[in-house]
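Below is one structure, written out as C-alpha cells, with a few remarks after it.
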Amino acid sequence: METMEDNNILDLDKLFREAKGKPVGINGKFLVRIDRFNLPVKKIPLNFCFIETNSEWKQGFILKTKGTFKLNSKDTIRDAIVLWEDTAPKDFVVNVNSKDGKLLIYNVWDFGNGITQAWHNGAAIEIKQITNNKRVYYCNDGHPNLDLNNLVFSMTW
C-alpha cells in the first residue's frame, strides 16, 4: 500500500495504470476510478442522495448500464445518465432496467466550460459499504490529492 506525504503531489494516473483496473491502496484507503456494481436484480429502483460537495468545480456522477434509466418517472434515458449537483434533486430515485445486471458509477466534474471531465489527474473514489443495501461514495475532483470530500453521495436499494 502506498503512502503519501502532505507536501507531495500524488500521481494517481500512474498508480491506476499500474494497478490495471484493480483498486489502489493509499494511506489505508482503497480507491477506484469506477465502481462496477452488480445489481441485485436487473430491474430496480435506486435511491441517491447528494450528501456533500466541496469543490470550485461543478460536481456530478454518471450511471451506465446496458439498458435504460428513468428518473422520477420522467422520460426513459438509454445507456447512461449524468447527474449534476446543481440540477439533480438532493434526494432522488433512478429506476434502472439493465439487460446484464451491471451498473457502472463514476464521478465527473466541469471546470465551467461545459465539458464533462472524468478519469484523469486526481479522479478517485473511496466506496464505503454502510449496510447490506447502502453505499457511500467519497470522490475527488481532479486535483492530485486525497481530498475525497469534493463529492460525497449515497446509493441505497
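The values are calculated or read from the model by the stated rules, or taken from the named source; none is laboratory data. All values reported here derive from a predicted model rather than from experimental measurement. So basically every Cβ, Gly included, is an ideal-geometry build from the backbone, and we count neighbours across all protein chains shown. These accessible areas exclude ligands, DNA and RNA; they are computed on the full protein's heavy atoms, side chains included. Shrake-Rupley method; radii C 1.70, N 1.55, O 1.52, S 1.80 Å.
Per residue, the chain exposes an accessible area of 54 Å² to a 1.4 Å probe, with every protein chain left in place. Note on the chain: Rg/Rh from Cα positions, Kirkwood definition for Rh, rounded to two decimals, is 0.96. Please report, as a whole percent, how much of the solvent-accessible surface of segment 1-103 comes from carbon and sulfur atoms (probe radius 1.4 Å). On segment 1-103, the fraction of accessible area on carbon and sulfur atoms equals 48 percent. Each of Phe69, Asn54, Phe92 was scored by the projection of its Cα onto the charge dipole of segment 1-144, and the greatest displacement toward the positive side belongs to Phe69; charges sit on the C-beta of Lys, Arg, Asp and Glu.
Of the chain, which part is the longest with no GluC sites (Glu not before Pro) in a loop (DSSP not H, G, I, E, B) and with at most 15 other C-beta atoms within 10 angstrom? Result, exposed sites excluded: 57-157. For segment 23-62, the residues whose backbone nitrogen is under 14 Å from a point 7 Å from the Cα of Thr156, taken along Cα to Cβ, are 45-51. For the listed residue pairs Lys64/Lys90; Lys29/Lys66; Lys20/Lys66; Lys29/Lys99; Lys22/Lys43, the alpha carbons are over 25 angstrom apart in Lys29/Lys66; Lys29/Lys99; Lys22/Lys43.
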